Amino acid sequence: MYRNLDEVFQLAKTKGRKRIAIAAAHDAETIKAAIMGYDEQLFTPILIGEKERIETIIQGLDRNISEFEIIDSQDNNESAQTAVSFVKDKKADLLMKGHLETAEMIRAVVKKETGIAIKETISHINLMEIEKYDKLVIMTDVAISINPTLEQKKDILENAVSVFHALGYEKPKVAAVCAIEKINLKMPETVEAKELKDLNEAGIIKNCIVEGPISFDIAIDKGRATRKHFEGKIQGDADILLMPNLLAGNLLSKGISIFGEAKAVGFVMGAEVPIVLTSRGALAKAKYQSMLACLAIV
């Protein structure tokens, strides 16, 4: 069991150097992160984007442009497609979103003819270290799937489970989070949470423990689970918080990050390789840490 992100980062540093294709790399913070990985001998970055801007940024950081592979692309969609093609052709081990919108990156990943999606639903993983929680927790999906269907939630759940399997967990505990712990037909997410639990108990969703519907407090606080007399399989010890929709997940994850000062790394699962996906406004350190998280699970 991993209790903090530093343990995951240390695991990443045992994996050896990997090639990472970076779409729309013409961004100072993205290039700084790439250089951090290059200097640690963990990544060989392939910088795809506006060549002149990339070279100017590299030179401004007192680095030699000859150190890095740079591929000119003046269009973000083309840049994303080129980066994806490097993965598809086995010329890169990882994929990273640079200074482009998430939707542009995802379109290239899921494109039927040339994409690299291996599941019907790809999803965002928010791997979090929360001071008052004694282990790492995944919150998903907080960035891609707006109102996922039951089948999409199954994919999102399985994508998250695969992360913890890669980190050595045998049966991570998945909480299908709702506002309440009982089925309410006026709250369809409670019905779907119970259906996910049933699929798990039937052996269709495998290698994890699913509980739902379950409220957020019971999922992460053993004391509250006890006081509420909750008898489910999760008693304040969830590994994965499966959110009912993007609104709930996005607000909760940002609230915990800001008010709870949680640390988090973000990436996407459901494709041939993990995809580093952070906010365009993220600083180099945050981008680099997400790169490390992806490296840890390949």
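Once you've got the GNM for the chain with C-alpha springs shorter than 10 Å, pick whichever of ASP62, ASP155, ASP217 has the biggest mean-square fluctuation. Most flexible of the set in this elastic network: ASP62. Cβ crowding within 10 Å, taken as a proxy for footprinting-reagent exposure, orders THR44, THR14, THR30 from fewest neighbours to most as THR14, THR44, THR30.
For the chain, the Kirkwood estimate of the hydrodynamic radius, built from every pair of different alpha carbons, is 19.6 Å.
Give me the percent relative contact order of the chain, please, defined on Cα pairs under 8 angstrom at least 6 residues apart. Write out the running numbers ahead of the final one.
Numbers: 631 pairs, mean separation 68.5, N = 298.
After rounding, I find 23 percent.
For every helix of n ≥ 4 consecutive DSSP H residues, a contribution of -39,500 (n - 2.57) applies; sum these over the chain, divide by its total residues, and give [θ] at 222 nm rounded to the nearest 500 deg cm²/dmol.
Numbers: 11 runs with 121 residues, N = 298.
Calculated mean residue ellipticity at 222 nm is -12500 deg cm²/dmol.
Each residue of segment 219-232 was assigned a 3J(HN,Hα) from its phi angle through the Karplus curve 6.51 cos²θ - 1.76 cosθ + 1.60 (θ = phi - 60°); the sequence is 5, 10, 10, 4, x, 5, 4, 5, 5, 8, 6, 7, 10, x Hz, with glycine and proline shown as x.
Amide H contacts under 5 Å for THR44: LYS18, ARG19, ILE20, restricted to partners 5 or more places along the chain or on a different chain, H placed in the peptide plane at 1.01 Å from N.
In the chain, what % of DSSP beta bridges are antiparallel (nearest 5)? Kindly include the intermediate steps, with their values, before the conclusion.
Numbers: 14 of 41 bridges.
Given both bridge residues lie in the chain, the antiparallel proportion sits at roughly 35 percent.
Cross-link check: pairs LYS18/LYS111; LYS233/LYS254; LYS171/LYS222; LYS135/LYS263; LYS112/LYS206; LYS153/LYS182 evaluated at a Cα-Cα cut-off of 21 Å; pairs beyond the cut-off: LYS18/LYS111; LYS233/LYS254; LYS112/LYS206.
Over segment 126-263, the alpha carbon radius of gyration divided by the compact-protein estimate 2.2 N^0.38 Å works out to 0.96. Annotation: the antiparallel percentage among DSSP beta bridges lying fully within segment 9-148 is about 20. Based on Cα contacts under 8 Å between residues 6+ apart, segment 126-263 shows a relative contact order of 35 percent.
Every number here is computed from the coordinates shown, using simple stated rules; none is lab data. Quick caveat, the model's predicted, so the values are computed rather than measured. Cβ: placed from backbone, ideal geometry, glycine included. Neighbour counts: every protein chain shown.
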